[in-house]
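The values are calculated or read from the model by the stated rules, or taken from the named source; none is laboratory data. Please read these numbers as outputs of a predicted model, since none were measured by experiment. No Cβ is skipped: glycine too gets one built from the backbone with ideal geometry, and neighbour counts run over all protein chains shown. Surface accessibility is based on the protein's heavy atoms, side chains included, excluding ligands, DNA and RNA. Shrake-Rupley method; radii C 1.70, N 1.55, O 1.52, S 1.80 Å.
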Amino acid sequence: MNGTTSIARSELRMDMFGRLKRVLVGKALRNEQAPHERLSKKVALAVFSSDALSSTAYATEEILLVLAVAVAFGNAGAFAYVIPISIGIASLLAIVTISYRQTIHAYPTGGGAYIVAKENLGTTPGLVAAASLLIDYVLTVSVSIAAGVAALTSAAQGTTFEWITDHKVAIGVGLIILIGIANLRGVRESGTLFAAPTYVFLISFLFMIGYGLIYYFMYGGTVPAVANEEIKLAEGYVPQALTIFLLLGAFSNGCSALTGVEAISNGVQAFKQPEARNASRTLLVMALLLGVMFLGTSTLAFLFGVHPHADETVISQFARHIFTGPMTWFYFVVQAATAAILVLAANTAFADFPRLSSLLARDRFLPRQFANRGDKLVFSNGIIILALFSSILVIAFAGDTSRLIPLYAIGVFLSFTLSQTGMVVHWLKVRRTEVADDAIHRSDVESDIAVPDMYLALEQSKAPRFVSDEVTARTNWRKSLPINLVGAIATFVVLMVFIISKFTHGAWLVVVTIPILVLMFLAIHRHYLTIARELSMDSLEDALEPIKHTVIVPISGIHRGVIRALQYARSISSDSVTAVYVDFDEEATTKLKERWEKLNLDVRLVVLPSPYRELTRPLLRYINRVDRLRDDDVITVVLPEFVPRKWWQHLLHNQSSLLLKGALLFKEGVIVTNVPYHLKN
C-alpha cells in the first residue's frame, strides 16, 4: 500500500510537469509520424531561406558603413562603390549556389559542409567545417535578432514608443526564447507558423524595390543628407582615405548577404521526397530572390543617397522617403515585415544547428544527448543550447548588429571553402578512377569498434554516402570540377579578406574559437572510443559469473528506513552484512548500541570513531580496509534514505547519502545502492 501511494505521488508530480510541458511544446509524436513532419518546398523556403533572405535588410548597410569611413575622411563619392561591390557579391552568390546544388544532390542525407569535407578531405577538415557552422549558427541567431530589434527601434523613432530603444537587449533575449519554444514544438508546426511572415516580407520588399525605382524615375530626389558627425561608421574603423583595403573591407562586410545559403544543404532530409530535387529547386528560388532583393536594395540606397545613421537603418530611411502621402502606411508594413523576417531568420539556425549537432553526436564528436529526439521529433537539446549561447552573445554585445558583424560570416565562408574543396577532391578522384569505386567516399570516422549505445550504433550504420544522379553522375566531372574549383577559390579569397580586414575588429575571437572546438570534438571522440574498448565483450570469458557480496550499511540511527535497508541487504547476502555507525557523540553512540542489542537484528554493528566529526572519510577508510581483506568479493554499500512527501522538505535534511554516493562513484569494485523509504506525511 505504501509503495502504491508513493508511486501515485510521483505520478502526480510528473503529471503536473507533463501538463506544463504539453502547454509549451504540445502533444508528443510517435516515431512513425516522422515522415509526416517533413516540409513542402513552400514551407521549406520559409524555414531554410529566412536567414539568407533577411540578410538583404542589413547587407547593403554593412557595405555603406565601411564606405562611410572614407566619406567621413572627405571622399564624398565613396558611396558610389556600393553598386560594383554589390554586383561582385551577387556574382559570388551565383557561384556558391551552383556549387551547393551539386552538394545537395551528392549528399542528400544532409550535413552539408561537414559531411562533404569529412568524406573527401578527412576527419579534421570536416570538424573544422562543423565548428565553423556551429559558430555561424549561433551568430546567425544573435545578428538576426539584433537586426530585427534595430528595425523595430527605427520605426519607433519620433513616436511614443521611442523608449524601447533603451531595452534592445531584453527584447532580443525574449524573442530568442519565443523562437526556441516554437521550434521545440516541431519542424512542421514552427515552419507553418513562420511561413506567412516570410512571404509577407518577400511581397512587401519586392514591391518596395519596384515602387522605389518608379518613384525615383518619376520624382527623383534624395533622402535628407546626414551631417558627417552623425554618420555611423563600421565597428573598429576610424575616418581614413579610400583604399583597396577599405574596399575589400566593404566587400567582406557585404558578403554577410551570403550567410544562410548553405542552410538548405544541411537540412535536405527535412524536405518531402524526392528530397534532393526539392531541396535544390528551393535553393535556386532562394538564390534568385536573394540576388534581386540585394541588388535592388543597394540600387535604391545609391539612387536616394542614403547614408548610414546610428538611430535608423538604411532601408527605413529610403522607405520613409518614398512612402509618403496615401502610401505612408506601407512604410510601417515594410518595417514590420523586415523586423519579422529578421527575427524569424534565427529560425534557420534553429532548424540546422540541432541537425548538425545530431550528426556530430552520431559520429561521437559531441555528447550523445544531442542525437536524441524530443517529444516533437526534433533535437531538443540542440535547440536549447543554441538559444542559450545566442542569448549570451546578445547580452555581451548589447544587441548591436554592427558589433556582431565582424564575428559573422567567417565561419560560413570557411565552411563554403572546405565544402567546395571537398567536391574538387572528389571530382579529381573520379577523373583518376576508371571504374566506379565507392572506396573514394570512405569516411575516416567509420570503424569496427562497437558503440556502447544501440541507438548511436544504428545511426552510425546509416553513414552518408555519395549519391550519383543526373547532376552528380561520374560523366559530369568535366563541367562539375571547374564549378567547384571556382567556388573554392572565390570563397577562399573572401575568407582571407574577412580574416585580414576584420581580425582586429573581433574576428580573432572566431579564429581562436574554431580550433578550440575541434580539439573538444576530438577529445570527446577519444572518450567514446575508450568506452567502446572498455565495454567490448571480445575478451569476456564468463559472461554470467556469480557474484559474492560483502554488504555495508551506513546508518545514522535506528528507524524504519534503516530496517528496510537491512532487510534488503540480507536479501542479497545472508551472512556478510555489516551496519556501520560513525561516532560523533559518545553518549548518543552508547544509547544506539544498547537499542541495537535489544532489537537483536542479527546484523553485526561496527562503530567508527570520528573525533573531527567527519562522516565520509571514516567510512571510506573502513570500506578500503574491507576491500583489501576480501578482494574476491564485491562490496555493496546500501544507503538507507527516507524521502519526504514535499520537494522543499529535502532542504531541511542533511544530504549525507549524496556526499557518500559521490565519493564512492569513482571507487572501482564498489556498488552503491539506495533503499528509499517514502514518508506519508
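Here are a few things to note about the model shown:
- A straight chain from Glu586 to Ala398 at 0.36 nm per residue would run longer than the Cα-Cα distance by 61.6 nm.
- To put it simply, the accessible area of segment 471-629 at a 1.4 Å probe is 58 percent carbon and sulfur.
- Distant-in-sequence amide contacts of Asn372, defined by a placed amide H-H separation under 5 Å and a gap of 5 or more residues or a different chain, comprise nothing.
- Residues whose placed amide H lies under 5 Å from that of Leu608, excluding near-sequence neighbours: Tyr581, Val582, Asp583
- Taking a Cβ cut-off of under 14 Å around Ser390, the surrounding Lys, Arg, Asp and Glu residues balance to a net charge of -3, with basic ones at +1 and acidic ones at -1.
- Note that segment 275-292 has calculated 3J(HN,Hα) couplings of 4, 4, 5, 5, 5, 5, 5, 5, 4, 5, 4, 4, 5, 5, 5, 4, x, 5 Hz, one per residue in order, obtained from phi through the Karplus relation 6.51 cos²θ - 1.76 cosθ + 1.60 (θ = phi - 60°); glycine and proline are x.
- The value of relative contact order for segment 482-584, using C-alpha pairs under 8 Å at least six residues apart, is 21 percent.
- Cβ-Cβ FRET estimate between Gln240 and Val285, R0 fixed at 51 Å, reported to 0.05: 0.80
- Taking 7 Å steps out from each Cα toward its Cβ at Thr475 and Leu658 produces label points 6.9 nm apart.
- Gain in span if fully extended, Ile547 to Ile500, counting 0.36 nm per residue against the direct Cα distance: 10.4 nm
- For segment 365-371, the Karplus equation 6.51 cos²θ - 1.76 cosθ + 1.60, evaluated at θ = phi - 60°, returns couplings of 10, 9, x, 5, 4, 6, 8 Hz by residue, with Gly and Pro reported as x.
- Whole-number Å³ per residue for the convex hull built on Cα positions in segment 41-192: 184
- Taken per residue, the accessible surface of segment 68-214 reaches 33 Å², heavy atoms only and a 1.4 Å probe.
- Amide hydrogen neighbours beyond the local backbone of Leu639, cut-off 5 Å, H modeled: Thr673, Asn674, Val675
- Segment 136-150 - phi-based ³J(HN,Hα) in whole Hz, Karplus 6.51/-1.76/1.60, Gly and Pro as x: 5, 5, 4, 5, 4, 4, 5, 5, 5, 5, 4, 5, x, 5, 4
- Expressed as a fraction of 2.2 N^0.38 Å, the C-alpha radius of gyration for segment 274-415 is 1.34.
- In this simple spin-label approximation, Met327 and Thr222 carry label points 7 Å from Cα along the Cα→Cβ vector, and these lie 2.1 nm apart.
- Three-way shape call for segment 229-305 based on the alpha-carbon gyration tensor, with the a/c threshold at 1.5: prolate
- Take the Cβ atoms of Val200 and Thr616, set R0 to 51 Å, and the FRET efficiency comes out at 0.20.
- Rolling a 1.4 Å probe over the protein heavy atoms leaves His527 with an accessible area of roughly 100 Å².
- Of the GluC sites (Glu not before Pro) found in segment 526-621, those that fall in a DSSP loop while having at most 10 other beta-carbon atoms within 10 Å are Glu541.
- Prolate/oblate/rounded call for segment 139-221, Cα gyration tensor, a/c under 1.5 rounded: oblate
- Measuring only protein heavy atoms, the 1.4 Å probe finds Thr324 accessible over about 70 Å².
- Legend: distances between Cα atoms for Lys168/Lys232; Lys548/Lys667; Lys429/Lys479; Lys593/Lys667; Lys232/Lys502; pairs beyond 20 Å are Lys593/Lys667.
- Relative packing of peptides 666-677, 246-257, 566-577 - highest average C-beta neighbours within 10 Å first: 246-257, 566-577, 666-677
- Euclidean distance of C-alpha centroids, segment 520-534 and segment 310-346, integer Å: 51
- Other residues lying with their Cβ under 11 Å from the Cβ of Phe584 contribute a combined charge of -4, Lys and Arg counting +1, Asp and Glu -1.
- Over segment 43-152, relative contact order from alpha-carbon pairs under 8 Å, at least 6 apart, %: 17
- Summed residue charge, Cβ within 12 Å of Thr401's Cβ, Lys/Arg positive, Asp/Glu negative: -1
- Taking label points 7 Å from Cα along the Cα-to-Cβ direction, Lys272 and Leu213 give a separation of 3.3 nm.
- Element breakdown for segment 124-217 at a 1.4 angstrom probe: carbon and sulfur atoms account for 75% of the accessible area.
- Accessible area of segment 231-314 belonging to carbon and sulfur atoms, whole % at 1.4 Å probe: 64
- In this calculation the C-beta distance from Ala94 to Ser571 is compared with R0 = 51 Å, giving a FRET efficiency of 0.10.
- Multiplying the residue separation of Thr530 and Leu629 by 0.36 nm and subtracting their alpha-carbon distance yields 32.5 nm.
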